[in-house]
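Structure first, commentary second.
The values are calculated or read from the model by the stated rules, or taken from the named source; none is laboratory data. Predicted model, so just to flag it, every value in this text is computed and none were measured. All Cβ positions, even for glycine, are placed from backbone atoms using ideal geometry, and neighbour counts span all protein chains on display.
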Amino acid sequence: MNAQQLFLESGNPSGVYYCSECRSVYRTFDLANECCVCQTCKTGKREKCRTTCEACSSIQNMESQKRFEELEKFALDKAEVAEDWEYVWYNDHMYSDIDELCEDCDGNPPEYVFSMKPVPFRSFTVDAVLDQYNEEFGFACEDFEIRDIVTGLKELKEAFDIFNTTNKDKILYYEEDRKHKVSTQNSWLEPEVDLKKTN
Ligand SMILES: [Zn+2]
Ligand SMILES: [Zn+2]
């Protein structure tokens with residue numbers, strides 16, 4: 001912003017410049033002059049640890065928020081209405097009750113929200129366990145292969161099969177399903193619609 005030249009003790013110019021804002025030293029006047037200046041508008045004072053000034057930062061934040069909302073809207077428009085759902089995902093929250101979501105939005109929810117899908121249990125495999133074992137000891141002994149050392153692999157596999165079958169219907173967790181959406185309108189508007197009917 002305000003580049004200043006450094007002078008030698010003799011009073012001669014050093015040809016080296018510094019930024020009078022933060023006192024960083026530069027080889028050229030231009031570099032020193034650009035030091036604390038916003039890289040976007042070239043006039044504002046750069047915020048600490050950022051490349052832009054406060055005004056440009058807030059414009060950028062608004063733009064990325066807008067872009068995010070556009071992408072969300074695009075994905076929601078494309079998504080099909082979920083026929084069956086247990087949970088929906090909105091604003092980093094998981095809801096099982098649309099009314100609760102509407103209350104959190106002060107009665108002004110988006111028209112649609114994404115539903116959530118269960119992530120099912122994934123089978124444990126003997127091979128994965130053995131490979132992990134090889135990896136763990138492979139560094140100490142070249143060509144280490146646990147399969148060549150132990151016995152009872154057939155029985156171990158049978159035990160794993162029983163375990164996997166017993167747990168096959170378990171759900172690990174739920175994740176956002178960006179292919180399916182749920183309307184927030186029905187549940188929330190129902191009383192109002194009924195009221196109109198009776199009037
Ligand atoms: Zn500076
Ligand atoms: Zn700026």
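Checking Asn108, Asn91 one by one, the residue that is more than 16 Å from ligand 1 (Cβ to nearest atom), on the phi < 0 side of the Ramachandran plot, among the polar types (S, T, N, Q) and loosely packed, with under 12 Cβ neighbours inside 10 Å is Asn108 and no other. Checking each residue in region 60-76 for being without any contact (Cβ under 8 Å) to a residue 12 or more places away in the chain and either among the hydrophobic types (A, V, I, L, M, F, W, C) or touching a Leu at 6+ places or on another chain (Cβ under 9 Å) (or both) picks out Met62, Phe68, Leu71, Phe74. Restricting the first member to region 15-26 and to residues that are assigned by TED's automatic domain parsing to the domain that holds Gly44 and touching a residue at least 24 places away in the same chain (Cβ under 8 Å), and the second to residues that are more than 16 Å from ligand 2 (Cβ to nearest atom) and in a loop (DSSP other than H, G, I, E, B), the beta-carbon pairs closer than 8 Å and six or more apart or on different chains are Glu21/Asn2. Against the list (1) over 20 Å from Ile171 (Cβ atoms); (2) among the small types (Gly, Ala, Ser); (3) free of Cβ contacts under 8 Å to residues at least 40 places away in the same chain, the condition Gly107 fails is (3). Say whether the condition of being in the same structural domain as Tyr174 (by TED's automatic domain parsing), in contact with a Phe, Trp or Tyr (Cβ under 6 Å, 6 or more places away or on another chain) and farther than 18 Å from Glu175 by Cβ is met by at least one residue in region 90-103. Checked against the condition, which is being in the same structural domain as Tyr174 (by TED's automatic domain parsing), in contact with a Phe, Trp or Tyr (Cβ under 6 Å, 6 or more places away or on another chain) and farther than 18 Å from Glu175 by Cβ, region 90-103 yields at least one hit. Across region 77-84, a minimum of one residue is classified as in contact (Cβ under 8 Å) with a residue 12 or more places away in the chain, more than 16 Å from ligand 1 (Cβ to nearest atom) and either hydroxyl-bearing (Ser, Thr, Tyr) or surrounded by 14 or more Cβ atoms within 10 Å (Cβ to Cβ) (or both). Looking only at residues in region 1-32 that are surrounded by fewer than 15 Cβ atoms within 10 Å (Cβ to Cβ) and among the hydrophobic types (A, V, I, L, M, F, W, C), the one that is farthest from Cys53 (Cα to Cα) is Leu8. Among helices (runs of 4 or more DSSP H) entirely within region 1-117, having at least 3 residues that are out of contact with any helix residue (DSSP H, G or I) (no Cβ under 7 Å at 6 or more places or on another chain) and within 16 Å of ligand 2 (Cβ to nearest atom) singles out 54-78.
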